[in-house]
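Asker: The structure under discussion is supplied below as structure tokens; questions concerning it will follow.
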Amino acid sequence: DVKVTQSSRYLVKRTGEKVFLECVQDMDHENMFWYRQDPGLGLRLIYFSYDVKMKEKGDIPEGYSVSREKKERFSLILESASTNQTSMYLCASSSRLAGGTEQFFGPGTRLTVL
Amino acid sequence: GENVEQHPSTLSVQEGDSAVIKCTYSDSASNYFPWYKQELGKRPQLIIDIRSNVGEKKDQRIAVTLNKTAKHFSLHITETQPEDSAVYFCAASISGNQFYFGTGTSLTVIP
């Protein structure tokens, strides 16, 4: 049973703070993803990684960076948090089988930036 | 990049009726189309998916159809039950490397 875990369920930060969101998966998946979910906008891809130390920008990478030093861990970094980054952040992982496979999501982190 | 549009944004049906959610995509290279269900306060979970070499797929009360020519795919839920109430997301992907999601459909099944 695949498990994707995220470091926090709820987080409150102040404007300008550096914020780290961590995601860990235990199924040896090659692909990992970070999304933000906002009402009426669905899930928007921030960054994804298809291998250790590899990263690709998604649709909304501005204001974010990522790190993947180990296969099982994918971190999202907000260098200087702003109020418009208040959102639900979802991590996901999937196997890199040909043709695409199911993404498994973490429980999400509700981030509030004051 | 890929653009996925999803309609309707909200849908209410009587228990036992059918529900249909439609999505369109723009990139003809997309070849994998999953559907996710997200219950309130929970994470999205895959309910069915379809690949571009298949026109239709069914799993009990859930079916998905794909029209590659029209770049259109749909989710069909028959004999709806209250536990089907949730937000449903469609997505399009090129071989699972990047996923583009629709904006979601909030389905309410009225007992």
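The values are calculated or read from the model by the stated rules, or taken from the named source; none is laboratory data. Keep in mind it's a predicted model, so treat the numbers as computed, not measured. Note that each Cβ is placed from the backbone with ideal geometry, even for glycine, and that neighbours are counted across all protein chains shown. Only protein heavy atoms, including side chains, enter the accessible area calculation; ligands, DNA and RNA are left aside. Shrake-Rupley method; radii C 1.70, N 1.55, O 1.52, S 1.80 Å.
Asker: At a probe of 1.4 Å, how much accessible area disappears from chains A and B on forming the pair, both sides counted, to the nearest 100 Å²? If you can, show how the numbers build up before the last one.
Answerer: Numbers: alone 6320 and 6270 Å², together 10840 Å².
Protein heavy atoms only, the A-B interface buries about 1700 Å².
Asker: What is the average number of partner chain Cβ atoms found within 10 Å of a Cβ in A:12-19?
Answerer: Mean shielding by partner chains, rounded to a whole number: 0.
Asker: Hey, another quick one. Over 10 Å intervals from 0, what percent of Cα-Cα pairs in the stretch A:61-114 sits in each interval?
Answerer: All Cα pairs, binned at 10 Å, distribute as 20, 45, 29, 7, 0 percent.
Asker: Can you pull out the GluC sites (Glu not before Pro) in the stretch B:22-99 that DSSP calls coil and that have at most 15 other Cβ atoms within 10 Å?
Answerer: B:Glu39, B:Glu79
Asker: Counting only the heavy atoms of the protein chains, how much of A:Phe33 is accessible to a 1.4 Å probe, in Å² to the nearest 10?
Answerer: It works out to around 0 Å².
Asker: Most fluctuating residue of B:Leu11, B:Leu66, B:Leu75 in a GNM of chain B with Cα springs under 10 Å: which is it?
Answerer: Taking springs between Cα atoms under 10 Å, the residue moving most is B:Leu11.
Asker: Give me the percent relative contact order of the stretch B:34-91, please, defined on Cα pairs under 8 angstrom at least 6 residues apart. Intermediate results must be reported in sequence, preceding the final value.
Answerer: Numbers: 90 pairs, mean separation 21.3, N = 58.
Answer for the stretch B:34-91 is 37 percent.
Asker: Hand me the trypsin sites (Lys or Arg not before Pro) from the stretch A:22-103 located in a DSSP loop with no more than 13 other Cβ atoms within 10 Å, in residue order please.
Answerer: A:Lys53
Asker: If I compute solvent accessible area with a 1.4 Å probe over the protein chains, what percent of it on the stretch A:14-114 is carbon and sulfur?
Answerer: Exposed carbon and sulfur together represent 52 percent of the surface.
Asker: If you take each beta carbon of peptide B:88-94 and count the beta carbons of other chains within 10 angstrom, what is the mean?
Answerer: Whole-number average of other-chain Cβ neighbours for B:88-94 is 2.
Asker: Project the alpha carbons of the stretch B:68-111 onto their principal axes and report the range along each, largest first, in whole Å.
Answerer: 39, 21, 15
Asker: Summarise the partner chain shielding of B:25-32 as one whole number: the mean count of Cβ atoms from other chains within 10 Å of each residue's Cβ.
Answerer: That works out to 1 on average.
Asker: Return the residues of the stretch A:41-89 for which accessible area with all protein chains present is lower than in the chain on its own by 20 Å² or more; set the probe to 1.4 Å and exclude ligands, DNA and RNA.
Answerer: A:Gly42, A:Leu43, A:Leu45, A:Phe48, A:Asp59
Asker: Would you mind calculating the relative contact order of the stretch A:1-71 from Cα pairs under 8 angstrom and at least 6 residues apart, reporting the percent as a whole number?
Answerer: 22 percent
Asker: Choose one answer from B:Thr69, B:Thr80, B:Thr24: the residue with the largest mean-square fluctuation in a GNM of chain B with alpha-carbon springs under 10 Å.
Answerer: Checking each option, the largest mean-square fluctuation is seen for B:Thr69.
Asker: Suppose we keep just the alpha-carbon trace of the stretch B:10-71; what are its Rg and Dmax in angstrom?
Answerer: 13.2, 37
Asker: Taking N as the number of residues in chain B, what is its Cα Rg relative to 2.2 N^0.38 Å?
Answerer: That ratio works out to 1.01.
Asker: Provide Rg and Dmax in Å for chain A, with only Cα atoms included in the calculation.
Answerer: Answer for chain A, Rg first and Dmax second: 13.3, 43 Å.
Asker: While we're on this one: Looking at the P(r) of the protein assembly as shown, how many percent of alpha-carbon pairs lie beyond 22 Å? Walk me through the numbers before you get to the answer.
Answerer: Working: 12803 of 25200 pairs.
Above the 22 Å cut-off, the protein assembly as shown has 51 percent of its Cα pairs.
Asker: A further question follows. Taking 18 Å as the cut-off for C-alpha to C-alpha distance, list the pairs among A:Lys13/B:Lys42; B:Lys22/B:Lys71; B:Lys22/B:Lys58; B:Lys37/B:Lys58; A:Lys70/B:Lys42 that go past it.
Answerer: A:Lys13/B:Lys42; A:Lys70/B:Lys42
Asker: Which value results when the Cα radius of gyration for the stretch A:1-58 is divided by 2.2 N^0.38 Å? Can you show the working numbers first?
Answerer: Details: Rg = 13.2 Å, N = 58, 2.2 N^0.38 = 10.3 Å.
Taking N as the residue count of the stretch A:1-58, the ratio is 1.29.
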